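Structure, as structure tokens:
The values are calculated or read from the model by the stated rules, or taken from the named source; none is laboratory data. Keep in mind the model is a prediction, meaning the values are calculated, not measured. Glycine also receives a Cβ, built like all others from the backbone with ideal geometry; neighbour counts cover every protein chain displayed. Please note that ligands, DNA and RNA were not included when accessible areas were found on the heavy atoms of the full protein model with its side chains. Shrake-Rupley method; radii C 1.70, N 1.55, O 1.52, S 1.80 Å.
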Amino acid sequence: MSSFRKQPYGGTLYLRLLKYVRPYAGAFGAAIAAMVATAATEPLLPALMKPLLDSNFGRTGEHTYLIPLAIIGIFVARGGIGFVSDYALAWVANRVVLDLRVAVFARLVRLPTRYYDDQSSGALMSKIAYDVTGVTGAATSVLTTLVRDSIAVLGLIGWMLWLNWQLTLIVLAMLPLIALAVRQFSGRLRRTSRASLQAMGEITHVLEESIEAHKVVKVFGGQPYEQRRFLEANAFQRAQNMKQTVAAAALGPIVQILAAVALAVILSAALYQSATSQTTVGGFVSLITAMLMLLAPMKRLTDINSPLQRGLAAAESVFQMIDQPVEDDRGTLELGRARGEIAFDQVRFTYPGGHRPALDGIDLVVSPGQTVALVGASGSGKTTLANLVPRFYHPGGGRITIDGLDIESIGLASLRGNIALVSQDVVLFNDTVAANIAYGGSNGASRARIEAAARAAHALDFILALPQGFDTLIGENGVKLSGGQRQRLAIARAILKDAPILVLDEATSALDTESERQVQAALEGLMRERTTLVIAHRLSTIEKAHRIVVLSHGRIVESGRHEELLARGGTYARLHQLQETEALSAAGE
């Protein structure tokens, strides 16, 4: 799990967060205005107490009977204005969630492959699902609480100063102590909030793995192990949440104790002033009422520190992803429809943290329309070589050209528009059959073209046998289909794209004999008149290749046709003999 990078000071981070509120300034301004109006009514209640009591409950006043009606009017107005502010604030908060999630996802789908290699998908999902929601509290509710309660506090203090400035100064003397307490707890809250967000990413990661690998978990009896992992992840998050609770809960009593001290001092001073006729009963009660009303907004102001720090920690996580550099796309050339010549010139590549190069000085030219098979033991560099063509990774040395153009100079969209990929690990989406075939750039293809692609992929018969045919939902990653059917849908997708360059990454290695026969027939139709790189596990599937390239430890050790390589008796011949022996042994069983 990645750690948080050093983020800017909280104020700078908060200002960046508020940029996502700016497009909805109208609704947010309405919420603020409504809160200002609500807060402005706070001093009215203690203000009404003074004439009510000084008139001896109406005995010496002419219009004091209007005071009860005024109190009702105040609270009716507060209720209506409060509804407006709550609705407008919720509307803005949900829009901010939407915008942030869209922004994070837009960055996610453009991040380089290397980033995905270093991250768990559970942690990435947690950022979008949970962290973004945590941000909105800091962006909206915290700010509005700050505005509303600050105005209420200022209004009440203003009334208190007008009534009795000497006693009010005692209240103000407590404010620096309260600010010091808030500052002391802020750092702890931010640290524990970061740890809690990371723990949520780990929980999502464990959950995702357990769901996706549920068959392996059941067959190998992994339930206790997975339960222990899940318990440990949740226990860590619980510990961080409790640390947050301690910090947040301790702050409230500290503020209340300071307020109680101030209240005790004020009561003593007020009793002295009353005894010496320096204040009226109405003024005294009005002052005490204002002070008691002051406690609630002051407590809310101190309590916003906890959601503020949680929100800023979530903002750090979200902006960390938004700030990740996207795939390097400095290429400016448009390739058009490529002829399909691929040339590797002294290509080298080493994975980050690798002790030896995955590819070391690869020289290879693939002519247009030629099928070249890459074979070799596991870890020989076959998949790495194929992954460099669509620029999933960048060579550490040398260069790769298509039709004589360095692929680094070609725009990514143009480069990948000329490449189709069919891999062993078929990727399908929880959508209809038709949507999976006409995916991405092929979206919007006519039903006739989709059916033609399915027919060419030897998939039409099984598709028509499905309950809704091409409109059948196939489940997550095609779980409702067999392995051979999923593979043929992937081939149909590649056929519909009609790209001049094709990469087949062990497309038949996980299939049974019957499925392999059907898929192989579909692949032969797909490879026709296309430049094809085939990463082969079963050597029997690439005997018709124009050329077979044998790799070992990142180097090309042999190259030639099937018959030529067998006649040499080298690495390829040994691999072929080993597979034939394994096939005969399996048949004998």
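For region 440-497, a crude dipole built from +1 on the beta carbon of Lys and Arg and -1 on the beta carbon of Asp and Glu, taken about the Cα centre, is about 180 debye to the nearest 20. Our summary gives region 343-498 a relative contact order of 21 percent, counting only alpha carbon pairs under 8 angstrom and 6 or more residues apart. Count Lys and Arg as plus one, Asp and Glu as minus one, and take only other residues whose Cβ is under 12 Å from that of Ile556; the net charge is then 0. Here Arg22 and Asp431 are evaluated by their C-beta separation; at R0 = 30 Å the FRET efficiency comes out at 0.25. Highest mean first, the peptides 311-321, 537-547, 447-457 sorted by other C-beta atoms within 10 Å per residue fall in the order 311-321, 447-457, 537-547.
For region 357-490, a crude dipole built from +1 on the beta carbon of Lys and Arg and -1 on the beta carbon of Asp and Glu, taken about the Cα centre, is about 240 debye to the nearest 20. Once the chain from His553 to Glu529 is taken as fully extended at 0.36 nm per residue, the excess over their C-alpha distance is 5.5 nm.
Label point of Arg337 set 7 angstrom out along Cα-Cβ; within region 470-497, amide nitrogens under 18 Å from it belong to 494-497.
Cβ neighbours within 10 Å, averaged per peptide: list 99-106, 420-427 in order, most packed at the top.
Ranked from most to least packed, the peptides come out as 420-427, 99-106.
Of the residues Gly397, Asn387, Gly440, the one whose Cα sits farthest towards the positive end of the charge dipole of region 329-477 is Gly397 (charges of +1 on Lys and Arg Cβ, -1 on Asp and Glu Cβ, taken about the Cα centre). Spin-label model, Asp117 to Glu476: label points 7 Å out along the Cα-to-beta-carbon direction sit 2.7 nm apart. Atom-type composition of the exposed protein surface of region 298-360 places 51 percent of the accessible area on carbon and sulfur (1.4 angstrom probe).
Ordering Gln346, Gly336, Leu374 by the projection of their Cα atoms onto the charge dipole of region 318-430, which places +1 on the Cβ of Lys and Arg and -1 on the Cβ of Asp and Glu, puts Leu374 at the extreme positive end. Each Lys and Arg adds +1 at its Cβ and each Asp and Glu adds -1 at its Cβ; summed about the Cα centre, region 415-550 shows a dipole of about 360 debye.
Scoring 25-35, 482-492 by mean Cβ neighbours within 10 Å over their residues and listing the highest first yields 482-492, 25-35. A straight chain from Arg455 to Asn241 at 0.36 nm per residue would run longer than the Cα-Cα distance by 71.4 nm.
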